[in-house]
Amino acid sequence: MMAKTTLGIFGLGTVGTGVVALLRDNPQFEIRAIAIRDRHKPRELELANIELTDDPFKLADHPDIEMLVEVAGGIDPAYEVIKRAISNGKHIVTANKELIAKHGPELFALANEHKVTIFFEAAVGGGIPLISTLQRGLQANRIARVAGIVNGTTNYILTKMEREQQSFADALREAQAAGYAEADPTDDVEGRDVVYKISILSSLAFQVPIEVEKIYRQGITQITDLDIKLANEFGYRIKMIGLAQPGEDNEQALDVRVHPMLVPRHHPLASVEGVNNAIFIKGSAVGEIMLYGPGAGRFPTASAVVGDIINIASALKLPDFAQYFQLPIRSEACEIFPIADTTNAYYIRLETHDTPGVIGTLGHAFGEHGVSLHSVTQKGVNSEGTATIVLLTHRVKEKQVQAALTQISAQATTKQIGVVLRVLI
Ligand code: HSE
């Protein structure tokens with residue numbers, strides 16, 4: 001009989017439980033040990049014959065484990081555990097987006113040194129085979145754009161706000177109750193989760209390390225159901241987007257950012273609803289493609305993790321196979337285009353006094369800074385005399401819009417700049 005591949009699993013939460021359930025009856029694998037935080041917690045699975053430990057370093061040092069599967073998440077202690085396991089010659093499968101986004105290049109270098117591999121299909125897009133598509137399937141292409149809805153929680157919130165006219169707070173509460181949000185939902189709603197994911201996708205698409213702290217980020221907390229309704233009226237849906245593309249007038253730099261966008265209703269990303277994820281890629285040879293599917297959840301994510309385990313196990317039979325899986329990523333980090341230098345069309349919602357000349361004053365400020373307006377619409381006046389004015393601009397440099405808005409904030413007729421959103425073109 002063929003020797004089984006031996007595994008250690010670090011983490012037995014939602015994803016870990018799915019991984020164990022998928023692997024338990026597979027004769028090709030043997031789960032030698034599982035590291036869990038609380039050994040006394042009741043488990044859904046029968047774990048007889050599997051060694052349980054509350055010390056994940058035991059897996060990293062275990063002489064009978066060939067592959068460490070990390071589904072615990074976070075940096076501490078996953079980072080140190082994985083480094084130790086690599087140094088001990090173990091292959092790694094991880095679902096940890098934060099770890100790969102922050103420490104990927106260093107871990108890949110360590111893995112190369114020790115002739116082992118790190119697979120991380122589940123780190124972005126849950127069950128969607130996205131990493132392998134970028135790493136292998138699209139190698140013939142120069143990538144012109146990656147635009148993704150890669151956070152299920154924010155897409156669920158925005159869908160609820162649109163479909164059921166819910167407020168942001170109510171929709172967030174429902175997303176948390178349904179178990180979609182991260183332990184700290186600010187990582188979802190403020191865009192940090194998307195920053196990790198787009199940094200991983202862009203480093204694969206453009207073959208450069210990306211420093212996560214350089215990625216511009218805007219969350220969805222300022223978006224109201226009125227914005228969603230107005231965007232609909234103008235022919236758009238609001239979506240939280242992770243975007244990566246070559247810099248417009250500086251091809252050496254990458255334009256990587258995370259923010260909500262108005263997506264034209266005819267764009268494939270506009271039809272992505274609820275907790276689903278979708279990644280739109282434009283390649284020089286393939287043209288436009290979109291990968292779509294469940295971006296989170298027990299079995300979709302476990303599907304990606306177990307796919308990685310099976311792929312490594314088959315490759316283990318080849319001599320010196322790890323060298324074939326080295327990522328073709330340059331060592332020096334890439335310059336990221338500052339948001340002020342990006343070019344976009346904008347949706348701007350302002351609250352102003354309802355007095356003569358307000359629209360003229362606004363138009364004047366935008367005109368002075370070279371911002372060409374596509375439309376200006378007043379959406380009524382409330383009982384306190386506040387007018388809501390919505391402007392759509394043509395494509396223009398962000399710094400010009402910001403300069404106009406600074407001037408507008410200082411005008412006596414302006415009460416508040418409600419929200420500024422970019423439009424996906
Ligand atoms: N909180 C994440 C999401 C889970 O909402 O997509 C998957 O990474």
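Residues in the stretch 1-21 that are free of Cβ contacts under 8 Å to residues at least 40 places away in the same chain and either in contact with an Asp or Glu (Cβ under 6 Å, 6 or more places away or on another chain) or in a strand (DSSP E or B) (or both): LYS4 only.
What do you reckon, is ASP341 among the acidic types (Asp, Glu) and touching a Ser or Thr at 6+ places or on another chain (Cβ under 8 Å)? It is false that ASP341 is among the acidic types (Asp, Glu) and touching a Ser or Thr at 6+ places or on another chain (Cβ under 8 Å).
Within the stretch 185-200, the set of residues being near the ligand (Cβ under 10 Å from one of its atoms) and of a type in the set (Asp, Glu) comprises ASP187, ASP188, ASP193.
Each row is one residue, and each column tells you yes or no for (1) of a type in the set (A, V, I, L, M, F, W, C); (2) outside any strand (DSSP E or B); (3) touching a helix residue (DSSP H, G or I) at 6+ places or on another chain (Cβ under 6 Å).
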residue	(1), (2), (3)
TYR346	no, no, yes
LEU350	yes, no, no
PRO356	no, yes, no
LYS379	no, no, no
GLU384	no, yes, no
LEU392	yes, no, no
ALA403	yes, yes, no
THR406	no, yes, no
GLN416	no, no, no
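Once the stretch 294-308 is narrowed to residues that are over 13 Å from GLU121 (Cβ atoms) and near the ligand (Cβ under 10 Å from one of its atoms), the residue that is surrounded by the most Cβ atoms within 10 Å (Cβ to Cβ) is ALA296. The number of residues in the stretch 264-302 being touching a Phe, Trp or Tyr at 6+ places or on another chain (Cβ under 6 Å) and hydrophobic (A, V, I, L, M, F, W, C) comes to 4. When the stretch 373-406 is limited to residues that are polar (S, T, N, Q) and over 34 Å from the mean Cα position of the chain (by Cα), the one that is nearest to HIS353 (Cα to Cα) turns out to be THR386.
For THR413, the conditions (1) in contact (Cβ under 8 Å) with a residue 60 or more places away in the chain; (2) closer than 28 Å to LYS239 by Cα all hold with the exception of (2).
Might you let me know whether the stretch 114-134 holds any residue that is away from the ligand (no atom under 16 Å from the Cβ), at pLDDT below 95, under 21 Å from the mean Cα position of the chain (by Cα) and of a type in the set (Phe, Trp, Tyr)? No, because not a single residue in the stretch 114-134 is away from the ligand (no atom under 16 Å from the Cβ), at pLDDT below 95, under 21 Å from the mean Cα position of the chain (by Cα) and of a type in the set (Phe, Trp, Tyr).
ALA345 meets the conditions (1) in contact with a strand residue (DSSP E or B) (Cβ under 7 Å, 6 or more places away or on another chain); (2) within 16 Å of the ligand (Cβ to nearest atom); (3) modelled with pLDDT of 95 or more in every case but one. The failed one is (2). Among the numbered conditions (1) in contact with a Leu (Cβ under 9 Å, 6 or more places away or on another chain); (2) farther than 21 Å from TYR236 by Cβ, the only one that VAL390 does not meet is (2).
Selection of the stretch 135-157 for residues being under 24 Å from ARG265 (Cβ atoms), away from the ligand (no atom under 12 Å from the Cβ) and either outside the structural domain of ILE198 (by TED's automatic domain parsing) or touching a helix residue (DSSP H, G or I) at 6+ places or on another chain (Cβ under 7 Å) (or both) yields VAL146, ALA147. Of the residues that sit in the stretch 160-209 and are in contact with a Cys (Cβ under 9 Å, 6 or more places away or on another chain) and assigned to a helix (DSSP H, G or I), which one is surrounded by the fewest Cβ atoms within 10 Å (Cβ to Cβ)? Top of the filtered list is PHE206.
The values are calculated or read from the model by the stated rules, or taken from the named source; none is laboratory data. Just so you know, these numbers come straight off a predicted model, no measurement behind them. Cβ sites come from the backbone with ideal geometry, for glycine too, and all protein chains shown count toward neighbours.
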